[in-house]
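> Would you mind keeping the following structure in view while I ask a few things?
The values are calculated or read from the model by the stated rules, or taken from the named source; none is laboratory data. Because the structure is predicted, anything quoted here is derived from the model rather than measured. Every residue, glycine among them, receives a Cβ derived from its backbone with ideal geometry; neighbour counts consider all protein chains shown. These area figures cover heavy atoms from the full protein model, side chains too; ligands, DNA and RNA do not enter into them. Shrake-Rupley method; radii C 1.70, N 1.55, O 1.52, S 1.80 Å.
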Amino acid sequence: MIVILSPSLLSADFAELGRELRDLEKAGLGWLHLDVMDGAFVPNITFGPPLIKSLRAQSGLFFDVHLMIEEPARYIDAFVAAGSDLLVVHAEADRHLERTLSAIRAHHCKAGLALNPGTDLGVLRWLAQDLDLVLIMSVNPGFSGQTFLPASIGKIRACRALLDSLGFSQVVIEVDGGACPENARELVEAGADILVSGSAFFSHPPYASRLAAFEAACQGQRRSSAALAWKTQEARLV
Ligand code: DX5
Ligand code: ZN
């Protein structure tokens with residue numbers, strides 16, 4: 001039924017962001033993945049709330065904001081005010097995750113938890129009730145264009161099984177890093193509801209036909225995703 005494709009802004013043309021966002025919407029995309037990096041949690045620096053606020057003024061896309069920053073709780077208010085629809089924090093970056101996730105939801109923003117490739121799923125057992133989404137990193141965070149880590153497939157499958165066994169089937173799974181039409185089907189079969197794609201998406205314009213390539217790869221998959229209801233009209237059905 002569905003998978004949502006969330007193109008990562010990191011691979012867009014930064015000198016033409018307004019045009020890029022318009023092109024994505026025209027091509028039928030509903031989500032945008034925004035990678036925030038602080039040069040401390042990850043070895044790269046990108047952008048913060050001011051840029052997101054400027055883009056929000058021009059776009060109706062669902063803003064899926066991935067915070068690769070230390071102590072993200074310090075900036076929750078600022079990222080909500082900038083227009084984020086979903087805030088994803090890293091399990092490795094925050095000592096008080098339950099408080100941070102609850103603070104995100106208190107703003108009526110969706111809350112997500114990201115796990116680095118080496119981070120165990122066990123933390124989900126105690127936080128599932130505070131989550132709308134789990135982001136499985138399928139590369140080490142910091143850069144786009146890296147090679148997909150094959151162990152991520154088993155981790156996605158185990159994550160889906162764990163969430164279902166805990167009674168949290170509505171919590172959706174996003175996969176980030178190295179996704180492309182060639183591995184999209186396997187990712188969705190394993191349990192992914194949302195695929196992030198940076199380099200493999202933006203390097204193959206026009207965007208409508210690249211989206212169609214991801215869709216064709218996932219054809220026939222029958223998954224249900226609570227995330228569809230978050231932004232029903234814009235979400236793209238596969
Ligand atoms: C990596 C970022 C990803 C990245 C994805 O740290 O979180 O979102 O931009 O890019 P690709 O799809 O090229 O791996
Ligand atoms: Zn990301």
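> Which residues, taken from segment 156-203, are away from ligand 1 (no atom under 12 Å from the Cβ) and assigned to a loop (DSSP other than H, G, I, E, B)?
Of everything in segment 156-203, those that are away from ligand 1 (no atom under 12 Å from the Cβ) and assigned to a loop (DSSP other than H, G, I, E, B) turn out to be L166, G167, F168, S169, Q170, V171, G191, A192, D193.
> Oh, and also: State which residue pairs qualify: first residue without any contact (Cβ under 8 Å) to a residue 40 or more places away in the chain and more than 12 Å from ligand 2 (Cβ to nearest atom) and inside segment 127-150, second residue open to solvent by less than 10 Å² (accessible area, probe 1.4 Å) and not in a loop (DSSP other than H, G, I, E, B) in any location, beta carbons under 6 Å apart, and separation of 6 or more residues or different chains.
Pairs that qualify, where the first residue is without any contact (Cβ under 8 Å) to a residue 40 or more places away in the chain and more than 12 Å from ligand 2 (Cβ to nearest atom) and the partner is open to solvent by less than 10 Å² (accessible area, probe 1.4 Å) and not in a loop (DSSP other than H, G, I, E, B), are D130/L101.
> Here is a follow-up. Report, by residue number, each residue of segment 136-155 that is of a type in the set (A, V, I, L, M) and within 11 Å of ligand 1 (Cβ to nearest atom).
M137, V139, L149
> Condition first: part of a helix (DSSP H, G or I), under 14 Å from D85 (Cα atoms) and open to solvent by less than 60 Å² (accessible area, probe 1.4 Å). Now tell me which residues in segment 34-55 satisfy that.
If the condition is that a residue be part of a helix (DSSP H, G or I), under 14 Å from D85 (Cα atoms) and open to solvent by less than 60 Å² (accessible area, probe 1.4 Å), then P49, I52, L55 are the ones that fit.
> Specify which of the listed residues (G30, G48, G60) is more than 14 Å from ligand 1 (Cβ to nearest atom), farther than 24 Å from V171 by Cβ and touching a residue at least 40 places away in the same chain (Cβ under 8 Å).
The conditions single out G60.
> Okay, moving on. Among the residues that make up segment 143-151, is at least one of them open to solvent by less than 20 Å² (accessible area, probe 1.4 Å) and within 29 Å of S11 (Cβ to Cβ)?
Checked segment 143-151: no residue is open to solvent by less than 20 Å² (accessible area, probe 1.4 Å) and within 29 Å of S11 (Cβ to Cβ).
> I'd like the full set of residues that are of a type in the set (A, V, I, L, M) and within 16 Å of F214 (Cα to Cα), limited to segment 142-184.
V175, A179, A184
> Please determine, by comparing only the residues of segment 159-211 that are hydroxyl-bearing (S, T, Y) and surrounded by fewer than 23 Cβ atoms within 10 Å (Cβ to Cβ), which one is farthest from ligand 2 (Cβ to nearest atom).
Looking at the filtered set, the residue picked out is S165.
> Give the residue that is farthest from G83 (Cα to Cα), with candidates limited to residues of segment 94-126 that are within 16 Å of ligand 1 (Cβ to nearest atom) and touching a residue at least 60 places away in the same chain (Cβ under 8 Å).
Filtering first and then ranking leaves A114.
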